[in-house]
1. For segment A:85-107, enumerate the residues that are facing chain B (nearest Cβ under 7 Å) and either surrounded by fewer than 22 Cβ atoms within 10 Å (Cβ to Cβ) or not polar (S, T, N, Q) (or both).
2. Please determine whether any residue of segment B:261-274 is open to solvent by 10 Å² or more (accessible area, probe 1.4 Å), in the same structural domain as B:Asp157 (by TED's automatic domain parsing), under 17 Å from B:Thr92 (Cα atoms) and touching a helix residue (DSSP H, G or I) at 6+ places or on another chain (Cβ under 9 Å).
3. If you take the residues of segment B:275-291 that are more than 30 Å from B:Pro65 (Cβ to Cβ) and not aliphatic (A, V, I, L, M), which of them is surrounded by the fewest Cβ atoms within 10 Å (Cβ to Cβ)?
4. If you scan segment B:71-125, which residues turn out to be free of Cβ contacts under 8 Å to residues at least 60 places away in the same chain, among the small types (Gly, Ala, Ser) and within 9 Å of chain A (Cβ to nearest Cβ)?
5. Quick one: would you say A:Glu35 is of a type in the set (Asp, Glu), over 26 Å from B:Phe76 (Cα atoms) and at pLDDT 95 or above?
6. Return a yes/no flag: does segment B:242-254 have any residue that is assigned to a loop (DSSP other than H, G, I, E, B), open to solvent by less than 60 Å² (accessible area, probe 1.4 Å) and not charged (D, E, K, R).
7. Looking at segment A:78-103 only, could you name the residues that are in a strand (DSSP E or B) and in contact (Cβ under 8 Å) with a residue 40 or more places away in the chain?
8. Could you say which residue among A:Gln120, A:Gln110, A:Gln82 is surrounded by fewer than 20 Cβ atoms within 10 Å (Cβ to Cβ) and at pLDDT below 95?
Amino acid sequence: MSNDSTKFTRLPATDAERDDPERATRREVLEFWTERFGVPAETFADHTFWERGAGKIWLSRGDPPSPADIEGLGMTVLRTRQEHWKPTLEAVQRFGDDATENVLHLDRSQATTFVAGDDQELDWDGDWGYLIVTHDLAGEAEPVGVGLYVYGELRSQVPKGRRRDL
Amino acid sequence: MEQLERYRAIVDDFAAFRAACDRPLPSAVRVNTIKATVEQVRVALDDAGIAAEPVGWHDGLFVLPEQSAGANWPYFHGWTHGQEEVSAIPATVLDPQPGERVWDACAAPGSKTTQLAALMDDRGEVVATDNNLGRISALRTNTERLGATSVAVTHEDGRNHSLKPFGGAGYDRALVDVPCSCEGTIRKNPDALADWSLSHVEGVAGVQKGILARAVQVTEPGGTVVYSTCTFAPEENEAVLDHVLAAEDCELVDYDLPLTHRDGVTEWDGESFDPAVERAKRIYPHHNDTGGFFCAKLEVTG
């Protein structure tokens, strides 16, 4: 089945069930979260994954028949069909608590810069690429969004509509 | 605000009512328990130096006397959502349980939708319907910011809601928080009555009847439907209930509400309604220093 931008199509469980070669599988999505961020697959045990729009992956607690011709299903979690898969800010805020790898912790001033949408020079000796950015809120490290780390710089990936001067 | 004069006969201490309608309301926030606990929000607001006053009847609501709801860290993390006290009533009365299927018939911009999802511990399915694509976009933004994964959004007129995309299954509960003449929001929006007319009240009442009837039809026998408005007009409140009680298989049930309120009115403008409409509750601005609201709980019988 070709990708349809108006319908939600459930991700195939594994490669064997895949008829669109470009569509991610549930197994690949779970592997992405585990391998890149250390978020265990069980985190998503009760959720179904869907694609609407090329590479836009949604996650839902509900279980409607596929394809589903509706306006929204759960939340967007991931962009696939590109070289580096990119998690959404919303997914990171909701599920990034369990992350153990590629997590960059900011102080309050750095977090303020990040949330305003501004890039900043920072030292980071881990992998380059998309990172889960955290800062302290109410005495604990909390995921605040997604950053892209390259060339000594943390590039804020906070979407325009979510940026705030705090 | 001369429109409110028509309620002189049904509102006790009318002068206090009018005076309350003239006073602005501070902003209030609801704790989004999908992402944070009440205690975490309390600490985060305190750390940020934001004054937050708890609300007596609901653990998860704070009034922010000095600040808007959206310009702080807990908001950015989706820990809080700007929502007025009375707006938190209907989802609380509906009392949805984890794992249930719930329909939110007029969902955008999603304050009550996300409250339903939170009450269900984000487990089950909340089908959120609205007929306006612009408002659906706000609904989706709020759903995502609050991290609700159990919400499915449909674009349709609630009067013609289709169960087809969900395989035909009916609902355990439905929330019918209808578009209305918004008289009760005057303290938040002083222009709320600028376009008020009796013909608008009567016209919107027809839509309200259609949506409430559909909600009763798609809810399983034994299931619960909550009907609410933010207006005082009996045409949009008790008269709508009276119509649906006669036309559909349902009855009005009593419920507890820990806010000062008055019973539904059984007579208005020469008309009398099914005596059961007394079980609905009217919330007036001067009794609890809130906005105005109307809320009724129905059980589906057929």
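1. The answer is A:Glu90, A:Arg94.
2. Within segment B:261-274, one or more residues are open to solvent by 10 Å² or more (accessible area, probe 1.4 Å), in the same structural domain as B:Asp157 (by TED's automatic domain parsing), under 17 Å from B:Thr92 (Cα atoms) and touching a helix residue (DSSP H, G or I) at 6+ places or on another chain (Cβ under 9 Å).
3. B:Pro275
4. Answer for segment B:71-125, where residues must be free of Cβ contacts under 8 Å to residues at least 60 places away in the same chain, among the small types (Gly, Ala, Ser) and within 9 Å of chain A (Cβ to nearest Cβ): B:Ala71, B:Gly124.
5. Considered against the rule, which asks whether it is of a type in the set (Asp, Glu), over 26 Å from B:Phe76 (Cα atoms) and at pLDDT 95 or above, A:Glu35 comes out as yes.
6. No, that holds for no residue.
7. Answer for segment A:78-103, where residues must be in a strand (DSSP E or B) and in contact (Cβ under 8 Å) with a residue 40 or more places away in the chain: A:Leu78, A:Lys86, A:Pro87, A:Val103.
8. Result: A:Gln82 is the single residue among A:Gln120, A:Gln110, A:Gln82 that is surrounded by fewer than 20 Cβ atoms within 10 Å (Cβ to Cβ) and at pLDDT below 95.
The values are calculated or read from the model by the stated rules, or taken from the named source; none is laboratory data. Remember, predicted model here, so these are calculated numbers, not experimental data. Every residue, glycine among them, receives a Cβ derived from its backbone with ideal geometry; neighbour counts consider all protein chains shown. Heads up: the accessible areas ignore ligands, DNA and RNA and are worked out on the full protein's heavy atoms, side chains in. Shrake-Rupley method; radii C 1.70, N 1.55, O 1.52, S 1.80 Å.
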